[in-house]
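Colleague: Dumping the structure here so I can ask a few things about it.
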Amino acid sequence: MKKYDVLVVGAGFAGSVSARALADRGKSVLILESRDHIGGNAYDFMDEMNVLQHKYGPHIFHTCSEKAINFLSRFTEWYPYEHRVLGLVQDKVVPIPFNLKSIELCFGEEMGRHLKNALIRSYGTETKVPILELRQSDNEEVKELAEFIFENVFKYYTMKQWDMTAEEIDPSVTGRVPVSISYDDRYFGDYFQKMPKDGYTELFKQMLNHSLIDVELNCDATERIEIDLEERRILFDGEEFEGDVIYSGIVDGLFHYQLGELSYRSLDFDVQHKDGTFQECATVNYPTPKEVHPFTRITEFKYFMEHKPQNTTTIAIEYPMPYDRNGEKGNVPYYPVFTDESKAQYEQYVEMANRIPNLHLLGRLAEYRYYNMDEIVERALELVETLA
Ligand code: FAD
Ligand code: UDP
């Protein structure tokens, strides 16, 4: 078999960016990918409605990282797209993140003005406040408003998404969508908000198109790689592999669940094809109780495309569900679930991994962190710099 300098597990952003950056430095790389395609969770494909569908949920690229932009721009042109989300709050459809406009829509002009002023007096304008912090406000009116937002935007969505309360999950999770004391109704604040012009999969194809990179699809690396903790080495197909191994899968899986299973949350997407256009923006959130809407959000993919089909559309209704690696459904570990217990268990796996000098954990799963795509690109480039 051909000898490679580096072995990479996973062809998502973590694996593919590392592989390309290594190949650019003259290293030969073999990527092992268990799925039948590259791109990881960012994978997209043109469906029968001529819509570029995101198979693993909506992926919007946004960043302030020049490093990530410069690297990825070698492999794609971009289509400017700013993500806006609406949410069903009581009987109204209002902008999410909840902002000054959402207050006006929910409370009417007079009461709305009053509440906006109370907020601005406490926090200033053009600021963002996580909901859990807003609930701690000393100002009675702000506190009441915070309870309204909590109840109608966060409480049930979070229960549905995580099967735990917003108080139980790590505060950084709800902090991703802070209450916005401004009229900026974009979902993300980064200055660079663009989609790869021909889609993510095409971007990955270009990125991996290098003579020093080979990709093996349909290959579960944990069946080929063995971690020998005694001898502190990695075996690949039964022989010692002395080069670096970059691993972007789940870390409990790598160690065959020796310390128990880490906690993940999964999703099920009900994909439907329709005539015309379904909703007025790409994503509509349903922060309502499970009994009213058993799903969290509906995404209409054609909004992400530069050339949208006019008469047809594809939507995905997103149902959170427990992760079950052997299940027919729910077998994709979409999100690490952050609790003190799961983080401590993860650290024990990291201690095991650290005993192997040429093993590097990288990515949303392997690092057990809620990373966005741009953060993974940066981390991959940094890792390759340290290896060089
Ligand atoms: P992944 O993309 O998960 O890639 C890991 C790859 O490794 C997969 O292809 C997997 O099949 C493979 N693999 C795993 N184990 C093995 C094994 N044993 N053998 C072989 N291959 C293996 N980020 C944003 O910036 N914007 C967004 O809008 C956004 N939306 C998201 C929506 C959802 C529903 C989810 C779940 C995530 C979203 N993200 C978003 C985050 C984004 O998906 C991640 O940052 C990114 O995919 C991380 O890349 P990765 O390479 O670490 O992981
Ligand atoms: N969230 C919520 N209501 C919303 C939007 C988000 O409660 O309308 C909370 C929920 O806990 C969610 C978290 O904020 O898991 C992060 O939301 P984000 O949209 O970033 O989630 P992702 O796109 O990563 O699934």
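Colleague: Name the strands (runs of 3 or more DSSP E) wholly within region 48-123 that hold at least 3 residues that are of a type outside the set (S, T, N, Q) and at pLDDT 95 or above?
Modeller: Where strands (runs of 3 or more DSSP E) fall fully within region 48-123 and carry at least 3 residues being of a type outside the set (S, T, N, Q) and at pLDDT 95 or above, they are 78-80, 85-89, 92-96.
Colleague: Looking at the structure I just gave you, is VAL271 farther than 25 Å from GLY26 by Cβ, within 26 Å of the chain's Cα centre (by Cα), surrounded by fewer than 17 Cβ atoms within 10 Å (Cβ to Cβ) and modelled with pLDDT of 95 or more?
Modeller: Yes: the conditions hold for VAL271.
Colleague: Checking the conditions here, which among MET207, MET195 is within 22 Å of LEU52 (Cα to Cα) and part of a helix (DSSP H, G or I)?
Modeller: MET207
Colleague: Sort out which residues of region 291-319 are crowded, with 16+ Cβ neighbours inside 10 Å, more than 22 Å from the chain's Cα centre (by Cα) and of a type in the set (D, E, K, R), and write them in order of number.
Modeller: The one that is crowded, with 16+ Cβ neighbours inside 10 Å, more than 22 Å from the chain's Cα centre (by Cα) and of a type in the set (D, E, K, R): LYS308.
Colleague: May I ask you to verify whether LEU229 is out of contact with any strand residue (DSSP E or B) (no Cβ under 9 Å at 6 or more places or on another chain), surrounded by fewer than 16 Cβ atoms within 10 Å (Cβ to Cβ) and at pLDDT 95 or above?
Modeller: Taking the combined requirement at face value, the residue satisfies it.
Colleague: GLU147: in a helix (DSSP H, G or I) and of a type outside the set (Gly, Ala, Ser), yes or no?
Modeller: Answer is yes for this residue.
Colleague: Do we have any residue at all in region 131-152 that's within 16 Å of ligand 1 (Cβ to nearest atom) and either within 21 Å of the chain's Cα centre (by Cα) or modelled with pLDDT under 95 (or both)?
Modeller: No, region 131-152 contains no residue that is within 16 Å of ligand 1 (Cβ to nearest atom) and either within 21 Å of the chain's Cα centre (by Cα) or modelled with pLDDT under 95 (or both).
Colleague: Only one of (1) farther than 29 Å from ALA11 by Cα; (2) in contact with a Ser or Thr (Cβ under 8 Å, 6 or more places away or on another chain); (3) within 16 Å of ligand 1 (Cβ to nearest atom); (4) modelled with pLDDT of 95 or more is not met by ARG186, so which one is it?
Modeller: (2)
Colleague: Here is a further query. Only residues that are touching an Asp or Glu at 6+ places or on another chain (Cβ under 7 Å), in a loop (DSSP other than H, G, I, E, B) and away from ligand 1 (no atom under 12 Å from the Cβ): list them for region 2-47, please.
Modeller: LYS27, SER28
Colleague: Among the residues of region 197-209 satisfying the criterion of being touching a strand residue (DSSP E or B) at 6+ places or on another chain (Cβ under 7 Å) and within 12 Å of ligand 1 (Cβ to nearest atom), which is nearest to HIS62 (Cα to Cα)?
Modeller: Per the criteria, the residue is TYR200.
Colleague: Are any residues in region 70-84 in contact with a helix residue (DSSP H, G or I) (Cβ under 9 Å, 6 or more places away or on another chain) and of a type in the set (S, T, N, Q), and if so, which ones?
Modeller: THR76
Colleague: Within region 34-77, track down each residue that is farther than 18 Å from SER248 by Cβ, surrounded by fewer than 15 Cβ atoms within 10 Å (Cβ to Cβ) and either charged (D, E, K, R) or under 17 Å from the mean Cα position of the chain (by Cα) (or both).
Modeller: Once the filter is applied, which keeps residues that are farther than 18 Å from SER248 by Cβ, surrounded by fewer than 15 Cβ atoms within 10 Å (Cβ to Cβ) and either charged (D, E, K, R) or under 17 Å from the mean Cα position of the chain (by Cα) (or both), region 34-77 yields GLU48, CYS64, GLU66, LYS67, ARG74, GLU77.
Colleague: So, of the residues in region 370-384 that are modelled with pLDDT of 95 or more and closer than 23 Å to PRO171 by Cβ, which turns out to be farthest from the chain's Cα centre (by Cα)?
Modeller: The qualifying residue farthest from the chain's Cα centre (by Cα) is ARG379.
Colleague: Still on this structure, please answer the following. Look at region 183-213 and say how many of its residues are of a type in the set (Gly, Ala, Ser) and buried (at least 16 other Cβ atoms within 10 Å of the Cβ).
Modeller: Selection size over region 183-213: 1.
Residues are listed down the side, and each one gets a yes or a no for (1) outside any loop (DSSP other than H, G, I, E, B); (2) within 30 Å of VAL129 (Cβ to Cβ); (3) touching a strand residue (DSSP E or B) at 6+ places or on another chain (Cβ under 8 Å); (4) within 16 Å of ligand 2 (Cβ to nearest atom):
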site: TYR183; (1), (2), (3), (4): no, yes, no, no
site: SER211; (1), (2), (3), (4): no, no, no, no
site: VAL215; (1), (2), (3), (4): yes, no, yes, no
site: ASN218; (1), (2), (3), (4): no, no, no, no
site: ILE246; (1), (2), (3), (4): yes, no, yes, no
site: GLU261; (1), (2), (3), (4): no, no, no, no
site: SER266; (1), (2), (3), (4): yes, no, yes, yes
site: PHE278; (1), (2), (3), (4): no, no, yes, no
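The values are calculated or read from the model by the stated rules, or taken from the named source; none is laboratory data. Quick caveat, the model's predicted, so the values are computed rather than measured. Neighbour counts run over all protein chains shown; Cβ positions are idealised from the backbone, glycine included.
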